[in-house]
């Protein structure tokens, strides 16, 4: 169950609703810590392709797999392939980003956790087919460093170059590594990235004061629109809710309103990692991770028909 709130200053945007949400992927178990979610979705030749993370509670595996599945209707998915964390040398896997290049090659960007550390990095694997994606041929494209962890990329091809928004966590204070902002980068090839600065920052005293993570960007309107995950405190880590932001350009967004636009009423309240797929008829299909009454998180989808 998700509640949504809009604001007078908010642009027209597809938002999660309660009445038409369906479970696309159930969690791998019941109860807190069992999650399916952190989705990334694309529509190619009329087929929906969905990449997502599976997670168990801490001590039982954390983010143990990334799955790619396909669906002709965007609601009922068949698994195509999955990747365990071990071939990446990661203690845990987090949100992937699935994209197709203009040349028709598949790319999967995978968020990886460094063992025994709060550090994260992002690896890239690519192939002509989904079945050909091989972690043995991975390359690190967002390494982070001793002071910063990088994860959860959103990757878009637009106007002849690649654009990326990723959550960056400062590691300088070991008691506050959950803090995050979203930073923007560009690339001619999607492999070598140049950071351009912070695209969205936390707002002191607001519901998103502790961290903000852009999860989806729409570029087909008069202004770019971003959905993001926000939290007010360290206690809300893993319980983020969805916010809305707008930008005059792709490198700087401003949050809209003083409250989330979507919050789950069940479980821990999480409604996060919203990804939006534009449809040929002008509508949108949404995918997001939402908490259940038993504390597990499931991956949900809903259709937002075209308006006007």
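Read-outs: derived from the displayed coordinates by stated rules, not from any lab. A quick note: this is a predicted structure, and the numbers were derived from the prediction, not measured. Virtual Cβ from ideal backbone geometry, glycine too; neighbours counted across all protein chains shown.
Measuring from centroid to centroid over Cα atoms, what is the spacing of the range 168-184 and the range 201-239 in Å?
Centre-to-centre distance over Cα atoms comes out at 14 Å.
Hey, fewest Cβ within 10 Å first, where do 218, 164 land in order?
218, 164
If packing is taken as the average number of other Cβ atoms within 10 Å across a peptide's residues, how do 207-216, 258-267, 170-179 rank, most packed first?
Put in order of decreasing packing, that is 207-216, 258-267, 170-179.
If each residue of separation counts as 0.36 nm, what is the full-extension length gain between residue 148 and residue 173 once their alpha-carbon separation is subtracted?
Computed gain between residue 148 and residue 173 is 7.9 nm.
At 0.36 nm per residue, and after removing the present C-alpha to C-alpha distance, how many nm does the segment from residue 22 to residue 80 gain when stretched out fully?
Using 0.36 nm per residue and subtracting the Cα-Cα distance, I get 18.8 nm.
Just report the Cα centroid separation between the range 257-279 and the range 144-161, whole Å.
Using only Cα atoms, the two centres lie 22 Å from each other.
Return the ratio Rg/(2.2 N^0.38 Å) for the range 63-158, where Rg is computed over Cα atoms only.
Taking N as the residue count of the range 63-158, the ratio is 1.10.
Which of the three applies to the range 151-308, rounded, prolate or oblate, going by the alpha-carbon gyration tensor with a ≥ b ≥ c and a/c under 1.5 meaning rounded?
oblate
Return the tail of the calculated pair distribution for the range 20-104, meaning the percent of Cα-Cα pairs more than 16 Å apart.
Percent of Cα pairs beyond 16 Å in the range 20-104: 54.
Once a ≥ b ≥ c are taken as the square roots of the eigenvalues of the Cα gyration tensor of the range 84-212, is the result rounded (a/c under 1.5), prolate (a/b larger than b/c) or oblate (a/b not larger than b/c)?
Because a/c hits 1.5 or more and a/b fails to exceed b/c, the range 84-212 counts as oblate.
Fewest to most neighbouring Cβ within 10 Å: what's the order for 47, 68, 58?
The most exposed by this proxy come first: 58, 47, 68.
Once you order the gyration tensor axes a ≥ b ≥ c over the Cα atoms, which shape class does the chain get: rounded for a/c under 1.5, otherwise prolate or oblate by comparing a/b with b/c?
Rounded is the answer for the chain, as its axis ratio a/c remains below 1.5.
Sort 74-85, 223-234 by the packing proxy (mean of other Cβ within 10 Å over each peptide's residues), most packed first.
Highest-to-lowest ranking by the protection proxy: 223-234, 74-85.
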